[in-house]
Amino acid sequence: MKHFYKNTSFIQKLSSYITTQRWYRGKAETLHNISIDDVIEIGKEQYLLIVTTHSNSAHNKYVVTLIVSVTHKNKPLFDFCENDQMLFVYDGCEDEEYCKNLWQIISSSQNDELQSFVIDNSVDLAVQKAHTPNSEQSNTNIIYDDKWLVKIFRQPQFGANPDLEINVFLSENRFPHVPKTIAGLRYISAEGKSMDIAIVQQLVDGASDCWEYVVQLASDYLSQSTQENFTRHSIFSGFKKTPNTMEASVQFAKLLGQRTAQLHLALANSDNANFSPQRIDSTYLTNLYDGFCEILSEVADLLQKTEPTANIARFLEATPLLKKHFESLITSPIEGYCIRCHGDYHLGQVLKINSDVVILDFEGEPLRTIEERRQKQSPFKDIAGMIRSFNYAGFKAAIDLNNENFPKINFWGNTMAITFLNEYLNVANGGQFLSQNKQQQQVLLQLFLFDKALYELKYELNNRPDWLHIPLCGIISLLEDIQ
């Protein structure tokens, strides 16, 4: 059984298994074959594999946790024959003994190819039990003693994973609004190259999902009979008059604005070259503008092939105006700095705990390379992500309620955005990374809002056409601020 990973049947069935997993990123590609780069023994019949998938346009690496056993248990992933003996394959993360052996490697660093590092040596890392929550995610979580959480990065890349890198930085600097990071696990290849494959954090006890909480806030507001004038105000207007019926929503938007600003202040407060602020320059602005024009053209091409609507026609008509409007990015200098940001910031990356929040998952946008995800960005990228998330939460509540009162839906999302932005600027203006020029702040945030909405529109076109109206309505609303 020693060389099972060379077995043709095993490789073929492993390939089929990988393509069915939530963490497999090549579903739009045709998979040609896989190669097994390394097989690391975790325990008896227990293995961690580094696998590369090969398709026309991509070669992606995955961490695969397997038990390969002669013993038949319930529901193997698959089986294969090796030297006239039937072998059965199971997911290691579903097995408590496998998880405990993985923890032993993390806590003791007793493996040549898996290098662990413990950040807080005062922590007692002895554990008694382990289990994997029954949820499909792009990474895999293992919970130990209902106290520690190990997140396995299923799609590793060579280099420092920003989720581990940023969480270590924030924990070492005692930023209180992220889970405390205890340790990390790194794979070292035969060539000496490293990639992060796991992070160990303190489990956030009693937390709830912020996405579900904010959708409920929107639902509560939409369900009420209200007499407000649903006039839309620009998010840059500083409009502060909010109805009493939105008190809970507004208070939460304020809290999130404060915590987001505090996060950015913490990330910008360092002499470490990987975190120190970097002045916005013409190269950064040109790259922003070029990237925006590229996705704008992609989305316009896709929409021209769909059934026309009034909003689609309005968007297509406005594309030259959008390109012209943001040309100022490459013709006029902008003050301020790029900093390390969250990179993929939305309500799903935040937990609510009592009357506060905890911010999670600093991996960045999963389809980008490690190098791209580690690049410093304007903080308005994160702000735009959260504002667009408010918009989605409002429409999700409306869909659940079968409510088509679009002025009321937009009023709720717009009020959340204004409140969030005002509170963010009140706190973050104490730092040095924001331009104090309001017009420059506005053009950067507008660009990131349009860019995010275009990304969403492209996603919905390819995956959920019934939700196309959400980013499209967002774009039409944003157009009112530049026309």
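What follows is calculated from the coordinates using simple rules that are stated; it is not laboratory data. Every value quoted in this text rests on a predicted model; they were computed, and no experiment measured them. All Cβ positions, glycine included, derive from the backbone under ideal geometry; neighbour counts span all protein chains shown.
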- Using alpha carbon positions and the Kirkwood radius, the Rg to Rh ratio of segment 1-93 is 0.95
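How big is the dipole moment of the chain about its Cα centre under a simple scheme where the beta carbon of each Lys and Arg is +1, that of each Asp and Glu is -1, and everything else is neutral? Debye, nearest 20, please.
Values: 43 positive and 58 negative charges, 153 e Å.
With Lys and Arg at +1 and Asp and Glu at -1, about 740 debye.
Can you figure out the FRET efficiency of SER234 with ARG314, using R₀ = 25 Å and their beta-carbon distance, to the nearest 0.05? Mind dumping the intermediate values first?
On the way: r = 18 Å, r/R0 = 0.73.
The computed FRET efficiency comes out at 0.85.
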- Message: Please give the Cα centre distance for segment 275-323 versus segment 251-267, rounded to the nearest Å.
- Response: 28 Å
- Give the angle, between 0 and 90 degrees and rounded to the nearest 10, that separates the Cα long axis of helix 469-479 from the longest principal axis of the Cα atoms of the chain. 40 degrees
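By count of other Cβ within 10 Å, fewest leading, how are PHE78, PHE362, PHE117 ordered? Display every interim value, and only then the final one.
Numbers: PHE78 15, PHE362 26, PHE117 12.
Placing the least packed residue first, the sequence is PHE117, PHE78, PHE362.
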- Query: Quick one: helix 8-19 against the long Cα principal axis of the chain, what's the angle to the nearest 10°, folded into 0 to 90?
  - Reply: 20 degrees
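More than 31 Å apart: what percent of Cα pairs in segment 208-479 qualify?
The share of Cα pairs beyond 31 Å in segment 208-479 comes to 24 percent.
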- Per DSSP loop assignment and a cutoff of at most 10 other beta carbons within 10 Å, the chain keeps its longest run without exposed GluC sites (Glu not before Pro) at 192-403
- Message: Explain nothing, just the number: dipole magnitude of segment 96-202 about its Cα centre with +1 on each Lys and Arg Cβ and -1 on each Asp and Glu Cβ, in debye rounded to the nearest 20.
- Response: 160 debye
- Which value results when the Cα radius of gyration for segment 156-225 is divided by 2.2 N^0.38 Å? 1.66
- Item | Among ILE142, THR181, ALA198 - extreme Cα towards positive end, dipole of segment 96-202, charges at beta-carbon | THR181
- What is the Rg over Rh value, at two decimals, for segment 96-202, using alpha-carbon atoms and the Kirkwood definition of Rh? 0.94
- Message: Counting only helical runs of four or more DSSP H residues, what would the 222 nm mean residue ellipticity of the chain come to if each run contributes -39,500 (n - 2.57) and the total is spread over all its residues?
- Response: -13500 deg cm²/dmol
- Give the distance, in whole Å, between the Cα centre of segment 457-483 and the Cα centre of segment 337-416. 15 Å
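With a 10 Å Cβ neighbour count serving as the proxy for reagent exposure, in which order, fewest first, do LYS147, LYS27 appear?
LYS27, LYS147
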- Query: By average Cβ neighbour count within 10 Å, what is the ranking of 264-272, 251-259 from highest down?
  - Reply: 251-259, 264-272
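Taking the Cα centre of segment 127-175 as the origin, how large is its charge dipole in debye, to the nearest 20, when only Lys and Arg (+1) and Asp and Glu (-1) carry charge on their Cβ atoms? Present the calculation step by step, with values, prior to reporting the outcome.
Numbers: 5 positive and 6 negative charges, 18 e Å.
For segment 127-175, the charge dipole is close to 80 debye.
What is the fewest-to-most order of ARG374, ARG22 by other Cβ atoms lying within 10 Å of their Cβ? Provide the component values of the computation, followed by the final result.
Working: ARG374 18, ARG22 13.
Final ranking by Cβ density, sparse to dense: ARG22, ARG374.
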- Query: Between segment 1-77 and segment 110-186, how many Å separate their Cα centres?
  - Reply: 23 Å
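I need to check one value: relative contact order of the chain, counting alpha carbon pairs closer than 8 Å and at least 6 residues apart, in percent.
Working: 754 pairs, mean separation 65.0, N = 483.
That works out to 13 percent.
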- Message: To test your reading of the geometry: what angle, between 0 and 90 degrees and rounded to tens, separates the Cα axis of helix 96-108 from the longest principal axis of the chain?
- Response: 80 degrees
- Among GLY343, HIS325, THR286, whose Cα lies farthest out toward the positive end of the dipole of segment 279-343, if unit charges sit on the beta carbon of Lys, Arg (+1) and Asp, Glu (-1)? GLY343
- Too long for a 24 Å Cα-Cα cut-off, among LYS408/LYS438; LYS408/LYS458; LYS73/LYS129; LYS180/LYS352; LYS193/LYS452; LYS75/LYS100, are LYS408/LYS438; LYS408/LYS458; LYS193/LYS452
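Subtracting the Cα-Cα distance from 0.36 nm times the residue separation, let me have the gained length for ASP290 to THR30 in nm, one decimal.
Values: separation 260, 0.36 × 260 = 93.60 nm, distance 2.93 nm.
Taking ASP290 through THR30 to full extension adds about 90.7 nm, to one decimal.
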- Kirkwood hydrodynamic radius (C-alpha pairs) into Stokes-Einstein, segment 426-477, 4 °C and 1.567 mPa s, D in µm²/s: 102 µm²/s
- In a solvent-free Debye calculation with one equal scatterer on each Cα, what is log10 I(q)/I(0) for segment 221-377 at q = 0.17, 0.20 Å⁻¹, listed in the order of the q values? -1.32, -1.29
- Return the Rg/Rh value of the chain, two decimal places, where both radii are evaluated on C-alpha atoms and Rh is the Kirkwood radius. 0.99
